[in-house]
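The values are calculated or read from the model by the stated rules, or taken from the named source; none is laboratory data. Here the structure is a predicted model, which means the values were calculated and not measured. Heads up, the Cβs are rebuilt from the backbone with ideal geometry, glycines too, and the neighbour counts pull from every protein chain shown. The accessibility values were calculated without ligands, DNA or RNA, using every heavy atom of the protein model including side chains. Shrake-Rupley method; radii C 1.70, N 1.55, O 1.52, S 1.80 Å.
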Amino acid sequence: MTRVLPISAAHDTHIAIDTATHTATGWWLEEAGGARPLPSLDGSTDADVVIVGGGYTGMWSAWHLLEAEPSLDVVLLEGGTCGHGPSGRNGGFCESLWFSAGAIRERFGDGPARELLRSSSESVSAIGAWCRDNEVDAWFNQAGYLCVSTGERFDGVGRASVEAAAALGSPDAVQDLAPDAVRARCRSPEFRRGVLVPDFATLQPARLGLGLRRRLIERGVRVFERSRVRRLGPEVVAETDGGCVRAGAAVLAVGPAARSLAPLRSRLTVTSSHIVLTEPVPDVLEELGWTGGECITDGRTLLHYFRTTPDGRIVFGWGGGRVAYGARVNGRIEVDPDVATELRDHLERLFPDVRGRRITHAWGGPIDVSPSHIPQMGSLPGAPIHFAFGYTGNGVGPSHLAGRTLASLALDRRDALTRLPIVDSGAGAWVPPEPLAWLGGTAVRSALLRVERANERGERADPLTRAVCAAPHALGMHLGR
Ligand SMILES: Cc1cc2nc3c(=O)[nH]c(=O)nc-3n(C[C@H](O)[C@H](O)[C@H](O)COP(=O)(O)OP(=O)(O)OC[C@H]3O[C@@H](n4cnc5c(N)ncnc54)[C@H](O)[C@@H]3O)c2cc1C
């Protein structure tokens, strides 16, 4: 029997930088036009399936439930407004799992790995097709992803994925790129060799989130916003301040807030990621030869990720934000502005021609991190409550796969999706309780920052710092891309 789950979540972040617009939710939602919250749940109601959380995972679950059984009565309870959490403010890299092919193959074996990777790739294309079919212009552009080395120490980056893809019989899925081939796509003075994953896309995350929300409402999903679920019982009953939903099954799709749920707590940590956005700089992109729409990261553990927009801006993000205590990022909704200021320096180092151009927006948000860096999906023991989380900053594509899978689980179907190796496979390692997780995570983050800053100066960090960086690996956790 599963215990009643008290649920709490706080994960809005808000950052300030120079003259940039300080937005809790980022530029994407502003560009997409935002959305007025729907009425909250008021009273009791029954449903076939109740979904808790209106990010991509919850919304794709609702979509696929209706695809499977159009007459199903689905209620979605969202604590804020659907698509206004990380799903509406991320970098918009829409990823398959191919860059993780090495880790996936090692963990699950060749046959199951092939199936998982193929399904993840299928989901990226399916998102593009969904946008076309549903007339949601989310700027979907399947232009591929580059992971590039920015220093000798990173020259091995992506090689394990290239080897794993070849060993799995899909050599084109992850391709080695010589320095010239990298420069042909983007001529940053810092770039060296790299790899190309052709099936990645970029999109406008808030346009996708709000488009999904709109289409779900049109299809009859009963969506209640500002309806935070406080308790979820195994019967299944989801309780908010204003009422409750009794259902045959539940989908828990609360993202980083999963860290606040007792049965899942030891399976994830929460860190933060931040983004700065330039004014349109099409001349800089032209000069860089970066006009193909590729999304790019470097190979650092606290990685930088960057992409362009149709009007010629650079979206530049960094996974080096603070570690959160419990499910909370930075306590309330403020983020240290130093993170954004530092991010601007990083941007100018990789793209010196951006110097002097305006940063118009800066924002951040929480990241649900799996110890193995592989997303987690499954069901709570003894109750028809199904979950997905732990995307580790890479959930835009995989949340679609999760939505398909959660729909099958909620309908109690046994199919190719529920047999994917990722389902009920556990976390790969155990995350200690607070305050140990926070203390350990913060120590490792500080050590990683010291190592990476030392490397940038061409120096080597001291042995103690290097030992702290190695500690998670010794505990079975995966760090970095
Ligand atoms: C700055 C930033 C950049 C990122 N960049 C990328 C990227 O480029 N590519 C990529 O693939 N991924 C990226 N990510 C990660 C990506 O955004 C997530 O993996 C993805 O959005 C996960 O979707 P989700 O639906 O699982 O979670 P979320 O989007 O977090 O949605 C969960 C929802 O649940 C709601 N909720 C929580 N608790 C409750 C409750 N008790 N009751 C009701 N509702 C509740 C929340 O309000 C929220 O709307 C980034 C994230 C951030 C913050």
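Only one of these is buried (at least 19 other Cβ atoms within 10 Å of the Cβ) and at pLDDT below 85: Gly441, Gly458. Name it. Exactly one residue qualifies, and that residue is Gly441. The set of residues in region 418-438 that are closer than 17 Å to Pro472 by Cβ, open to solvent by less than 40 Å² (accessible area, probe 1.4 Å) and not small (Gly, Ala, Ser) comprises Val431, Pro432. Within region 259-283, the residues that satisfy the criterion of being assigned to a loop (DSSP other than H, G, I, E, B), under 20 Å from Leu232 (Cα atoms) and open to solvent by 10 Å² or more (accessible area, probe 1.4 Å) are Ala262, Pro263. Taken over region 199-211, the criterion of being in a loop (DSSP other than H, G, I, E, B) and open to solvent by 10 Å² or more (accessible area, probe 1.4 Å) is satisfied by Asp199 alone. If you check Ser96 against the conditions, is it open to solvent by 20 Å² or more (accessible area, probe 1.4 Å), at pLDDT 95 or above and either within 14 Å of the ligand (Cβ to nearest atom) or not in a helix (DSSP H, G or I) (or both)? Considered against the rule, which asks whether it is open to solvent by 20 Å² or more (accessible area, probe 1.4 Å), at pLDDT 95 or above and either within 14 Å of the ligand (Cβ to nearest atom) or not in a helix (DSSP H, G or I) (or both), Ser96 comes out as no.
Only one of the numbered conditions (1) open to solvent by 10 Å² or more (accessible area, probe 1.4 Å); (2) within 16 Å of the ligand (Cβ to nearest atom); (3) more than 19 Å from Gly365 (Cβ to Cβ) is violated by Leu65, and that is (1). Any residue that is free of Cβ contacts under 8 Å to residues at least 24 places away in the same chain and open to solvent by 20 Å² or more (accessible area, probe 1.4 Å) - is there at least one of those in region 180-198? There is at least one residue in region 180-198 that is free of Cβ contacts under 8 Å to residues at least 24 places away in the same chain and open to solvent by 20 Å² or more (accessible area, probe 1.4 Å).
Considering region 122-141 alone, what residues qualify as being outside any helix (DSSP H, G or I) and either away from the ligand (no atom under 16 Å from the Cβ) or touching a Gly at 6+ places or on another chain (Cβ under 7 Å) (or both)? Across region 122-141, the qualifying residues are Asn134, Glu135, Val136, Asp137, Ala138, Phe140, Asn141. When region 111-132 is filtered for residues that are aliphatic (A, V, I, L, M) and within 18 Å of the chain's Cα centre (by Cα), the ones remaining, listed by number, are Leu116, Leu117, Val124, Ala126, Ile127. Of all residues in region 99-121, those that are open to solvent by 20 Å² or more (accessible area, probe 1.4 Å) and within 16 Å of the ligand (Cβ to nearest atom) total 2.
Considering only residues that are among the hydroxyl-bearing types (Ser, Thr, Tyr) and over 20 Å from Ile296 (Cβ atoms), which ones fall in region 94-119?
Correct list: Ser119 only.
Residues in region 98-142 that are in contact with a strand residue (DSSP E or B) (Cβ under 7 Å, 6 or more places away or on another chain) and either under 17 Å from Val174 (Cβ atoms) or acidic (Asp, Glu) (or both): Trp98, Phe99, Val124, Gln142.
Restricting attention to region 152-179, the residues that are in a helix (DSSP H, G or I) and either open to solvent by less than 60 Å² (accessible area, probe 1.4 Å) or under 23 Å from Glu456 (Cα atoms) (or both) add up to 11. Counting only strands (runs of 3 or more DSSP E) that sit completely within region 356-417, those holding 1 or more residues that are open to solvent by 10 Å² or more (accessible area, probe 1.4 Å), touching a residue at least 12 places away in the same chain (Cβ under 8 Å) and farther than 24 Å from Glu342 by Cβ correspond to 376-379, 385-389.
Here the condition is being within 13 Å of the ligand (Cβ to nearest atom) and either under 19 Å from Leu406 (Cβ atoms) or among the aliphatic types (A, V, I, L, M) (or both); of Val221, Val254, Val236, it holds for Val254 alone.
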